[in-house]
């Protein structure tokens, strides 16, 4: 066995909530001094020319009765169960990650037995299925605290190291922190050097560069985020100038796109060292989707339901954290204004989403997708609220700054969003209402419920003499 020559940056990204459930199920099925195995079935995402990310779609943990042999010296799965596993879960386009434990604590190494059988298994699945799936293997200590991963070629001859991530964001190793931290962020060092480095590395996809999005980019940029993808088809207008910091009448006259205006804001913060990609089109375009899919975090700050729906679908498809920002102003019959801003972070990997939580109106999203004449008919019939929704700078600022605070908490770890959050600010009451996200859970949601999670195969009764060994 030898390492692959053509090295790529390969990672397996499992959301923390999914990993907690997966590891608990593995430990539940491990008896004293016995090894145990679990399977993740993943979709491959080519993030860039050199970077590949594997995203789990479902997982399975065999119970003890699925083994023909289970001990500290090795594992033997019943062939009937193994056939069931592959036939039902190794779907076209999916690759398999199998994770097994070794007894003891500390970082375990792959044994010669692992090398032999993984090599044979990589060759077997590549030759038995039309899509030629790849094998990724992981070995952990008995408590699933320390481990390592590798990916095999389809001939079972070579492998290369795989990075493993079970947190919200997949950033480079922050162990080797530079001694000389950028003096610009000296007053943020209370949060730690690793937190600042993670912010500097974070790549944010911002959908919507208007009244909320522009303030958001300014604030998050000054927190330390330097890598951006900006999506918005609109150009600056005079009506925008009351709520977009630094925007001028000259920019309006020169027909600036909003994405170029926000890029200008970020470049004023960082004369060098930043990377800002502008895409002056809608998020529904394939070029915009490809750019957003490669981001670490998706933020949607638009004024329409269709773009939010598309952003949520991308977040689910590519297992990316999503932050949704929005405001609403209405005037009651007694001429009293009622104003709201909302910050929503659905749980990574499903559970509930913007659609099943009724945060997006799918009827409005469908109408926004319709041809212009149908859209105008809907407005006339009262089905589409709409045109020129009211907006004020200070309310946008509350929404944007709260969103930045939430992201700071997500990156640093002092805010737990595993179950998602949905916060609503109400003015003039000046109250923050925090939705109990348990009421948003929807098992059968068409969007986020499509990813079935099979935790443990219970009461399996397979009588066969054939076996699969690890």
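Coordinate-derived values only; no laboratory data. Note that the structure is a prediction, hence the values are computed from the model and not measured. Positions of Cβ are backbone-derived with ideal geometry, glycine not excepted, and every protein chain shown enters the neighbour counts.
Structure notes:
- Seen against the Cα atoms of the chain and their longest principal axis, helix 112-128 is set at about 70 degrees.
- Relative contact order (percent, whole number), region 1-132, Cα cutoff 8 Å, 6+ residue spacing: 25
- Peptides 211-217, 34-40, 97-103 ordered by average Cβ neighbours within 10 Å, highest first: 211-217, 34-40, 97-103
- Proxy reagent accessibility, fewest Cβ within 10 Å first, across 362, 306, 202: 362, 306, 202
- Tilt relative to the chain, helix 79-89 - C-alpha long axis, 0 to 90 degrees, to 10: 20
- R0 of 56 Å, Cβ-Cβ distance residue 33-residue 238: FRET efficiency to nearest 0.05: 0.15
- Cα-projected label distance for residue 336 with residue 127, points at 7 Å along beta-carbon direction, nm: 7.7
- Taking the empirical scaling 2.2 N^0.38 Å for compact globular proteins as reference, region 183-435 has a Cα radius of gyration ratio of 0.99.
- Against the chain, whose longest principal axis is taken from its Cα atoms, helix 258-269 shows a tilt of about 80°.
- Listed peptides 50-60, 118-128 appear in the order 50-60, 118-128 once ranked by packing, highest mean of other Cβ atoms within 10 Å at the front.
- Given their separation in residues at 0.36 nm each and the Cα-Cα distance between them, residue 281 and residue 329 gain 14.6 nm when the chain is fully extended.
- Region 218-291 versus region 82-140: alpha-carbon centroid distance in Å: 45
- One decimal place: the segment residue 434-residue 48 gains 135.2 nm when fully extended, by the rule 0.36 nm per residue minus the C-alpha distance.
- Square roots of 5 times each gyration tensor eigenvalue, C-alpha, the chain, largest first, Å: 45, 25, 21
- Between residue 116 and residue 190, the FRET efficiency estimated from the beta carbon spacing at R0 = 60 angstrom works out to 0.70.
- A Förster distance of 22 Å, applied to the separation of the beta-carbon atoms of residue 290 and residue 362, puts the FRET efficiency at 0.35.
- The chain - share of DSSP beta bridges that are antiparallel (%, nearest 5): 60
- DSSP bridge analysis restricted to region 183-435 gives an antiparallel fraction near 55%, rounded to the nearest 5.
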